[in-house]
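Take a look at the structure set out below.
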Amino acid sequence: MPMNPAVVRVTQRILERSARTRLAYLARVAAAGERPRGSERMGCANVAHAFAALPADDKLRIVAERAPHIGVVTAYNDMLSAHQPYEGFPAVIRDQAHRLGATVQVAGGVPAMCDGVTQGLPGMELSLFSRDTIAMGTAVALTHDVFDAALLLGVCDKIVPGLLIGALHFGHLPCVFVPAGPMSTGLSNNAKGRVREQFAQGLVGRDELLRAESAAYHGAGTCTFYGTANSNQMLLEAMGLHVPGAAFVHPHAELRETLTRDAVRTVLSLVKARRYTPIGRLIDERVIVNAMVALLATGGSTNHLIHWVAVARAAGIVIDWNDFSELSHATPLLARVYPNGSADVNQFQAAGGPGYVIRELIDAGLMHADVATVSDGGLRDYCRLPQRDEAGALTWRDLPPASAVNADDDIVRPAAAPFSDHGGLAVLTGNLGRAVIKTSAVPADRHAVEAPAIVFDTQEALQAAFKAGELERDFIAVVRFQGPRANGMPELHKLTPPLAVLQGKGFKVALVTDGRMSGASGKVPAAIHVSPEVLAGGPLGKVRTGDMIRLDSNAGTLEALVDAATWAAREQAVLSTEQAEINAHGLGRELFSGMRRNVLTAEEGAITWL
């Protein structure tokens, strides 16, 4: 199948736009990779410090025998259900490395916060910036500069992009990501959502809500909906950075340890003595496009329209929302996983998972198959499912042909009979700026909404208005001063239940904000990431309660229906001194003031390090 013209066009545009920065990046990668190994390059005192705590035979392997030395960067903590399984991974990795004649050190840990814990609370204002903090933590770990390769242990929202950005700043190292897998299926996401809406209406109490939430989030592993964490795993598969098929295997399955052991073998196969493929060379413009297409084909997290811009920039590659938009028009929607459907990621995996989607995209000419991956066989290796044979060895099996999947199947469909002929994300432009919207979970009759604005400066104000019964009408909620400079751009997922309740009553409702929604953005139309943000002078600050607004994801527009003269004469809203003080203090927010001052726009990846 020839490559899709839109994919070719976008890839070429990215290549041309990135020519200067990518060339400079690759020159730095080459220079770092040409140096002698760490234990030979460094002074004796440096070497002694680096390996002081290692057993004597490991010191001998590294220094005298020049055995490959792997650095592990881990996001382990037992606060995150997805990362709790990592507690035992270093021992497994170390054992496997010894079996293969290599050595291992845990180079460092990075912070990993749970958005589920902080959602709707002040801690969420640190969430976006935790990505760049993780990138810096990864750099601190790897800057000991004694490693021949790295294994990166992380799964959830900001953690994978942060690890990836950090690793790309050590682009001369071969790297493999090591996932931990999803938790087993609990209370269905639809049932959980119904209880949340009932609680928002006062129909059930806190005890019943807590029972439902605890039945949904009940064990080790990632949350099972297709939010940012599981979108991360889909994208890493599409980029060829996992052992093929490793994304969605349960943490406690025997296969999980087998996959983790194979990650050691895989990363060792990439060192200089064999097929040297450092991460900075592996991730090129085509790989970034593959990730974008995979995101769109699965209706993935809107957060990645921020994160992958930053990831690409770390490799000297420049992408923007126009690239996402053009690819979205060309990419069919091949998967429906909650909130885009009723299935969870375990059911998605059982239906073929990432392997099925990647195969369909390659065969339809929508992904570049001729890219390097950490697996010997290239991207086609990611079109199969892993399994253990009778002896316990890792093997892979082919998926059934696309013809075996019926056009009315509700989890995955072939590219020839997709759920939709375009991807699940859209870019909106107009006199309110530029925004993104996740359309894949929104009912078709809600893709265009026109209603009067009600303006809020905080999410708490909207929730209070809902509880007071003041929102029983058609309206578009404008929640401003939620951008990265204002307060760190928190997710506003707590607004989903009240807005969903109102939509369920038949009202036309939508959300427009310079903040973020959760990766689990759902059925309420939400124009998010509005750029420029209000604190930076963005036009969303001109909206007044009562203004008619039209959000039209079909036409790709976001407009305040105000005459041009009135609009031009309007003054910008100003963040109150009181609210600015609240945003700046408490729960560590003071420590992130420099990031708030220096952060780039959402469309530029909300980067704090350029």
Looking for something exposed (fewer than 13 other Cβ atoms within 10 Å of the Cβ), assigned to a loop (DSSP other than H, G, I, E, B) and not β-branched (Val, Ile, Thr) - is there at least one such residue anywhere in region 429-440? no
Taking Glu491 and the conditions (1) over 21 Å from the mean Cα position of the chain (by Cα); (2) open to solvent by less than 20 Å² (accessible area, probe 1.4 Å), which numbered condition does it fall short on, given that it satisfies the others? (1)
Of all residues in region 549-587, how many are touching a residue at least 40 places away in the same chain (Cβ under 8 Å), open to solvent by 40 Å² or more (accessible area, probe 1.4 Å) and among the charged types (D, E, K, R)? 2
Return the residues of region 311-327 that are open to solvent by less than 10 Å² (accessible area, probe 1.4 Å) and either farther than 21 Å from Leu26 by Cβ or without any contact (Cβ under 8 Å) to a residue 24 or more places away in the chain (or both); say none if nothing qualifies. Trp321, Phe324, Leu327
Give me a count of the residues in region 93-150 that are surrounded by fewer than 18 Cβ atoms within 10 Å (Cβ to Cβ), part of a loop (DSSP other than H, G, I, E, B), among the aliphatic types (A, V, I, L, M) and without any contact (Cβ under 8 Å) to a residue 60 or more places away in the chain. 1
How do the pairs read when you match residues in region 455-467 that are closer than 17 Å to Phe199 by Cβ with residues anywhere that are open to solvent by 20 Å² or more (accessible area, probe 1.4 Å) and modelled with pLDDT under 95, using Cβ under 8 Å and keeping only pairs 6 or more apart or on different chains? Gln459/Gly120; Gln459/Lys494; Gln463/Lys494; Phe466/Ala200
Is it true that Val371 is among the hydrophobic types (A, V, I, L, M, F, W, C), assigned to a strand (DSSP E or B) and either modelled with pLDDT of 95 or more or surrounded by fewer than 18 Cβ atoms within 10 Å (Cβ to Cβ) (or both)? no
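Of the residues Arg516, Arg485, Arg544, which is of a type in the set (Lys, Arg), closer than 30 Å to Pro122 by Cα and open to solvent by less than 10 Å² (accessible area, probe 1.4 Å)? Working first, answer last.
Working: Arg485 fails: open to solvent by less than 10 Å² (accessible area, probe 1.4 Å); Arg544 fails: open to solvent by less than 10 Å² (accessible area, probe 1.4 Å).
Among Arg516, Arg485, Arg544, only Arg516 is of a type in the set (Lys, Arg), closer than 30 Å to Pro122 by Cα and open to solvent by less than 10 Å² (accessible area, probe 1.4 Å).
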Selected residue (criterion: most open to solvent (accessible area, probe 1.4 Å)) from residues of region 71-92 that are in contact (Cβ under 8 Å) with a residue 12 or more places away in the chain and assigned to a loop (DSSP other than H, G, I, E, B): Met79
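Looking only at region 561-585, count every residue that is among the small types (Gly, Ala, Ser) and in contact with a helix residue (DSSP H, G or I) (Cβ under 7 Å, 6 or more places away or on another chain) and tell me the total.
We begin by selecting, within region 561-585, every residue among the small types (Gly, Ala, Ser); these are 564-565, 568-569, 573, 576, 580, 584.
Then drop every residue that is not in contact with a helix residue (DSSP H, G or I) (Cβ under 7 Å, 6 or more places away or on another chain), which leaves 573, 584.
Selection size over region 561-585: 2.
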Within region 61-70, how many residues turn out to be open to solvent by 60 Å² or more (accessible area, probe 1.4 Å) and in a loop (DSSP other than H, G, I, E, B)? 3
Output the residues belonging to region 322-358 that are in a helix (DSSP H, G or I) and β-branched (Val, Ile, Thr). Val345, Val357, Ile358
Any pair with Cβ under 9 angstrom, 6 or more apart, that starts in region 41-60 at a residue that is in a helix (DSSP H, G or I) and ends at one that is exposed (fewer than 11 other Cβ atoms within 10 Å of the Cβ) and not basic (Lys, Arg): Val47/Glu40; Lys59/Ala52
Can you tell me which of (1) out of contact with any strand residue (DSSP E or B) (no Cβ under 6 Å at 6 or more places or on another chain); (2) closer than 18 Å to Val176 by Cα is the one Ile93 doesn't meet? (1)
Can you pull out the residues in region 27-40 that are of a type in the set (D, E, K, R), touching a Lys or Arg at 6+ places or on another chain (Cβ under 9 Å) and part of a helix (DSSP H, G or I)? Glu40
Residue that is surrounded by the most Cβ atoms within 10 Å (Cβ to Cβ) [pool: residues in region 240-291 that are part of a helix (DSSP H, G or I) and of a type in the set (S, T, N, Q)]: Asn290
All conditions in (1) among the hydrophobic types (A, V, I, L, M, F, W, C); (2) free of Cβ contacts under 8 Å to residues at least 24 places away in the same chain; (3) farther than 19 Å from Asp145 by Cβ are true of Leu23 except (2)
Log entry, pairs with first residue in region 200-224 being closer than 12 Å to Leu187 by Cβ and in contact (Cβ under 8 Å) with a residue 12 or more places away in the chain, second being β-branched (Val, Ile, Thr) and open to solvent by 30 Å² or more (accessible area, probe 1.4 Å), beta carbons closer than 9 Å, six or more apart or on different chains, reads Thr224/Thr185
Given (1) in contact with a Leu (Cβ under 7 Å, 6 or more places away or on another chain); (2) modelled with pLDDT of 95 or more, identify the lone condition not met by His252. (1)
Across region 588-610, what is the number of residues that are in contact (Cβ under 8 Å) with a residue 24 or more places away in the chain and among the small types (Gly, Ala, Ser)? 4
Is it the case that some residue within region 344-358 is over 25 Å from Val374 (Cβ atoms), buried (at least 24 other Cβ atoms within 10 Å of the Cβ) and touching a helix residue (DSSP H, G or I) at 6+ places or on another chain (Cβ under 9 Å)? yes
Looking at (1) surrounded by fewer than 24 Cβ atoms within 10 Å (Cβ to Cβ); (2) under 21 Å from Glu581 (Cα atoms); (3) free of Cβ contacts under 8 Å to residues at least 60 places away in the same chain; (4) in contact with a Lys or Arg (Cβ under 9 Å, 6 or more places away or on another chain), which one does Gly537 not meet, given that it meets all the others? (4)
Of everything in region 174-221, what is surrounded by 15 or more Cβ atoms within 10 Å (Cβ to Cβ), of a type in the set (Lys, Arg) and more than 20 Å from Gln503 (Cβ to Cβ)? Give them in sequence order. none
Regarding region 270-287, can at least one residue be identified that is aliphatic (A, V, I, L, M), in contact with a His (Cβ under 8 Å, 6 or more places away or on another chain) and farther than 18 Å from Pro182 by Cα? yes
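The values are calculated or read from the model by the stated rules, or taken from the named source; none is laboratory data. What you are looking at is a predicted structure, and each value in this text was computed from that prediction instead of being measured. As a convention, Cβ positions derive from the backbone with ideal geometry for all residues, glycine included, and neighbour counts pool all protein chains shown. Quick note on the areas: whole protein, heavy atoms, side chains included, nothing else; ligands and nucleic acids left out. Shrake-Rupley method; radii C 1.70, N 1.55, O 1.52, S 1.80 Å.
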